[in-house]
Amino acid sequence: MRSRAGVVVVVIALALTGCTTGPSLTDVHVDALSTSSGALAGGTELTLTGTGLDVITAVNFGDATAPVQDSSAESLTVVTPASADFADGDVEVSVSAGGASSGTGLSFTYEVVTPVDKEMQYLFTYWEDWNTDEYGSLENTDCVNFTSQGLQARGWGMDDRADDAGWWFWKGEVTGAKNYSKAWISSTALRNYLTTRPDLATMSTDPADAAIGDVLQFDWDDSGDPDHTAVVSRIQDGKLSVVQHSGAAKYLTVDRMLADHPGSTFYVWHLGV
């Protein structure tokens, strides 16, 4: 502050600072995809080619996002994520960097390719609108019935109905009556059945062994017998979510389920076919 002829003059020093922004997509051009289709459950390695691609941090397939695995100015590699709700069809491919996104003018087609695709598309079709005409409903204890339906859609063959310990479902052609083996509708019986079928599934207590489409079984009271069965529908940052009946949900987190049942445990059935 200075005083001059009775006038107070205030001198303000301004510190001029520059504002930085994230990388620009202005110079990004994607010319081609190495493949234009892949499985609903994701896992297709895909290369994008073009110019200015080294600034891209993620590639979006419709509403699903995949981080960039490796990149240069001329190409980048990603592994496709699962399609949104395991729906098939064409989705727009866009790229992201620094919070900004830009379309590429290209599309990717999600197709039913694998047994997992068949399983998950079935489960996401009927998680809320139950397929009762075909399989009936066990109402509040329908979790294993629903899981078994998904496994049949996956391609699992049923055992002979004469096998009391087998895994099967039967619907009368005339009356429409439904009959189920214990392994088809009971968490404990399914556990016992899978224990005898290492060709179908192997048990693990490590969540890191889980994959989309695998079966989870929960022991709410830590009694040694499973009380609930569900199917892995999402793996995000190492966290598992499930699709299920008996509390119908398509992306219920395992963390939430365990928090709702203090002291509970779960294990993974990693499916081999």
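The values are calculated or read from the model by the stated rules, or taken from the named source; none is laboratory data. Not measured: the values here are computed from a predicted model. Positions of Cβ are backbone-derived with ideal geometry, glycine not excepted, and every protein chain shown enters the neighbour counts.
List of remarks:
- The set of residues in segment 59-82 that are among the small types (Gly, Ala, Ser) and either within 24 Å of VAL112 (Cα to Cα) or not in a strand (DSSP E or B) (or both) comprises GLY62, ALA64, ALA66, SER72, ALA73, ALA82.
- Taking segment 132-189 as the range and being in a loop (DSSP other than H, G, I, E, B), of a type in the set (S, T, N, Q) and either touching a helix residue (DSSP H, G or I) at 6+ places or on another chain (Cβ under 8 Å) or in contact (Cβ under 8 Å) with a residue 12 or more places away in the chain (or both) as the test, the residues that pass are SER137, SER181, SER186.
- The residues listed here are GLY166, GLY176, GLY172; of these, the one that is in the same structural domain as SER233 (by TED's automatic domain parsing), of a type in the set (Gly, Ala, Ser), over 24 Å from the mean Cα position of the chain (by Cα) and at positive phi is GLY176.
- Set side by side, the residues GLU74, GLU139, GLU134 differ, and just one is of a type outside the set (S, T, N, Q) and outside the structural domain of ASP214 (by TED's automatic domain parsing), which is GLU74.
- Any hit, segment 148-162, residues being surrounded by 13 or more Cβ atoms within 10 Å (Cβ to Cβ) and within 30 Å of ILE56 (Cα to Cα): no
- Among the residues listed as THR205, THR196, the single one being more than 12 Å from VAL268 (Cα to Cα), exposed (fewer than 14 other Cβ atoms within 10 Å of the Cβ) and of a type outside the set (Asp, Glu): THR196
- Members of segment 113-131 found to be without any contact (Cβ under 8 Å) to a residue 60 or more places away in the chain and either part of a helix (DSSP H, G or I) or closer than 20 Å to GLN217 by Cβ (or both), listed by number: LYS118, TYR122, THR125, TYR126
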